[in-house]
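Engineer: Dropping the structure in here first, questions after.
The values are calculated or read from the model by the stated rules, or taken from the named source; none is laboratory data. On a predicted model such as this, the values are computed, not experimentally measured, just so you know. Because the Cβ atoms are built from the backbone with ideal geometry, glycine has one as well, and the counts that use them run over all protein chains shown. We work out accessible area using only protein heavy atoms, side chains counted, and drop any ligands, DNA or RNA first. Shrake-Rupley method; radii C 1.70, N 1.55, O 1.52, S 1.80 Å.
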Amino acid sequence: MTGRPVTRLGLQIPSFTYPGISDDKLFEKIAEIAVTAEQSGFDSVWVMDHYYQIPFVGRPEEPMFECYGLLSALAARTQRARLGAMVTGVTYRNPAFLAKVVTTLDVVSSGRAILGIGAAWNQQEHEGFGWDFLPVGERMDRLEEAVQICRAMFTEERPSFDGRYYRIQEAINSPRPVTSGGPPILIGGSGERRTLKLVAKYADACNLFGDLPTIKQKLEVLRRHCDDVGRDPAKITKTRLGGLFVAEDEAELQRGLERYAKQRGIPIDQVHGYVLAGTPDQLVEQAGRYFDAGLDGLIFNMIQAHQIEPVALAGKALSGAFGS
């Protein structure tokens with residue numbers, strides 16, 4: 001990896017119904033998780049950009065904060081961790097407005113914003129909020145234009161852009177981002193034909209899904225796309241989003257994984273393809289395989305996060321082994 005990765009170890013904090021936490025106390029619980037994550041060694045904190053709760057996490061009517069309002073509030077509670085949406089749906093905001101929002105986050109956080117962005121996928125919330133759920137090809141085309149507009153507004157004084165779907169005319173973005181060159185842009189998704197090609201052309205970072213063999217395949221595809229456009233893949237921070245479950249012993253681990261599978265409504269044998277699970281030493285061993293495969297960062301979604309202690313336990317173990 002050339003230079004500092006956009007993130008080495010990240011924690012994604014879900015907004016949903018935590019046991020015993022009422023809606024009016026939900027932000028305080030999320031803030032407590034974020035502060036604990038930062039103090040225990042996670043270098044980035046992420047939240048979802050959704051408006052309904054997503055399948056396999058909860059019911060659509062369960063709580064879901066608007067992500068950038070939440071991230072700005074977390075900026076006031078944290079000091080060092082980078083902050084981003086995993087990932088912003090391109091269809092939810094005009095890209096010039098998005099650049100303004102992310103710049104504001106960068107300023108209020110003293111240069112800790114990351115723009116995570118993707119093509120969006122949740123048809124139900126599009127229909128509920130009145131957004132057109134466009135064909136995937138058009139969403140990808142819009143993603144490409146949006147990334148170019150955001151980059152221009154981060155780096156140029158009065159940029160103009162005239163695309164098929166979006167345009168700006170000498171757009172002013174003041175105050176300017178604190179981060180030199182603007183907040184890093186992370187493109188989320190693993191599509192080999194379009195998404196990873198956009199990563200090779202435009203992104204500072206990417207986020208992938210899958211088990212170890214899948215990740216190795218996606219990294220090879222990304223390398224080929226980088227070769228095609230003459231870019232060094234080492235200049236792209238390559239990350240994976242997956243679950244994380246930590247336990248002090250094997251009995252607690254097994255009980256926890258069974259609860260996890262039941263809560264998510266998935267067979268227990270499918271859990272291991274998504275979740276890194278084990279004692280602290282086992283987590284370090286499992287995470288090491290992904291770093292050895294060529295990843296620069298791992299981002300975790302912890303269903304245990306509301307208990308706080310598992311966040312500290314996992315963060316200290318992983319950052320002790322892999323922290324930058």
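Engineer: In what sequence, highest mean first, do 12-20, 164-172 appear when ranked by Cβ atoms within 10 angstrom?
Structural biologist: Going by the mean number of other Cβ atoms within 10 Å, highest first, we get 12-20, 164-172.
Engineer: With θ set to phi - 60°, apply the Karplus curve 6.51 cos²θ - 1.76 cosθ + 1.60 along the stretch 119-125 and write out the HN-Hα couplings as whole Hz, x wherever there is a Gly or Pro.
Structural biologist: Ordered by residue, 3J(HN,Hα) equals 7, 6, 8, 7, 5, 4, 6 Hz.
Engineer: What does the charge add up to near Arg80, with Lys and Arg as +1, Asp and Glu as -1, over the other residues with Cβ less than 14 Å from its Cβ?
Structural biologist: +3
Engineer: Please compare each pair in Lys216/Lys262; Lys100/Lys235; Lys216/Lys238; Lys25/Lys262; Lys197/Lys238; Lys201/Lys238 to a cut-off of 19 Å on the Cα-Cα distance and tell me which ones are over it.
Structural biologist: Lys216/Lys262; Lys100/Lys235; Lys25/Lys262
Engineer: Still on this structure: Taking only Cα atoms, what is the 0 to 90° angle, nearest 10, from helix 280-292's long axis to the longest principal axis of the chain?
Structural biologist: Once rounded, one gets 30 degrees.
Engineer: Taking the Cα centre of the stretch 39-174 as origin, sum charge times position over the Cβ atoms of Lys and Arg (+1) and Asp and Glu (-1), and report the length of that vector in debye to the nearest 20.
Structural biologist: So the dipole magnitude of the stretch 39-174 works out to roughly 440 debye.
Engineer: What ³J(HN,Hα) values, in whole Hz, does the Karplus curve 6.51 cos²θ - 1.76 cosθ + 1.60 give for the stretch 306-323 when θ = phi - 60°, with x put for Gly and Pro?
Structural biologist: Result, rounded to whole Hz: 5, 7, 6, 4, x, 4, 5, 5, 5, x, 5, 5, 6, 5, x, 8, 10, x.
Engineer: OK, next. Determine which aspartates and glutamates satisfy two conditions relative to Lys218: a Cα distance under 17 Å, and not lying fewer than 8 residues away in the same chain.
Structural biologist: Glu192, Asp204, Asp227, Asp228, Asp232, Asp292, Asp296
Engineer: While we're looking at this one, here's another question. For the chain, give me the percentage of DSSP beta bridges that are antiparallel, rounded to the nearest 5 percent.
Structural biologist: 5 percent
Engineer: Report, to the nearest 10°, how far helix 67-77 tilts away from the longest principal axis of the Cα atoms in the chain, using its own Cα long axis and a range of 0 to 90°.
Structural biologist: 70 degrees
Engineer: In a Gaussian network model over the chain where Cα atoms closer than 10 Å are linked, find which of Phe245, Phe27, Phe300 has the largest mean-square fluctuation.
Structural biologist: Its mean-square fluctuation being the largest, the pick is Phe27.
Engineer: Could you pull out every residue, at least 5 positions away or on a different chain, whose amide H is within less than 5 Å of the one on Gly116? Hs are placed 1.01 Å off N in the peptide plane, and Pro or chain starts have none.
Structural biologist: It is Ala85, Thr88, Leu186, by chain and number.
Engineer: Given a 1.4 angstrom probe, what's the average accessible area per residue across the chain, in square angstrom?
Structural biologist: Accessible area per residue: 43 Å².
Engineer: Provide the per-residue ³J(HN,Hα) series for the stretch 41-55, in order, calculated from phi with Karplus coefficients 6.51, -1.76, 1.60 and θ = phi - 60°, each as a whole number of Hz, with x at glycine and proline positions.
Structural biologist: So the Karplus estimates, Gly and Pro as x, are x, 5, 9, 8, 10, 10, 10, 6, 9, 9, 10, 10, 4, 8, x Hz.
Engineer: Counting only residues 5 or more places away or on other chains, whose amide H sits under 5 Å from the amide H of Val45 once H atoms are built in the peptide plane?
Structural biologist: For Val45, the qualifying residues are Leu11, Arg82, Leu83, Gly84.
Engineer: So how much slack lies between Ala76 and Arg4, counting 0.36 nm per residue of separation and subtracting their Cα-Cα distance, in nm?
Structural biologist: 23.5 nm
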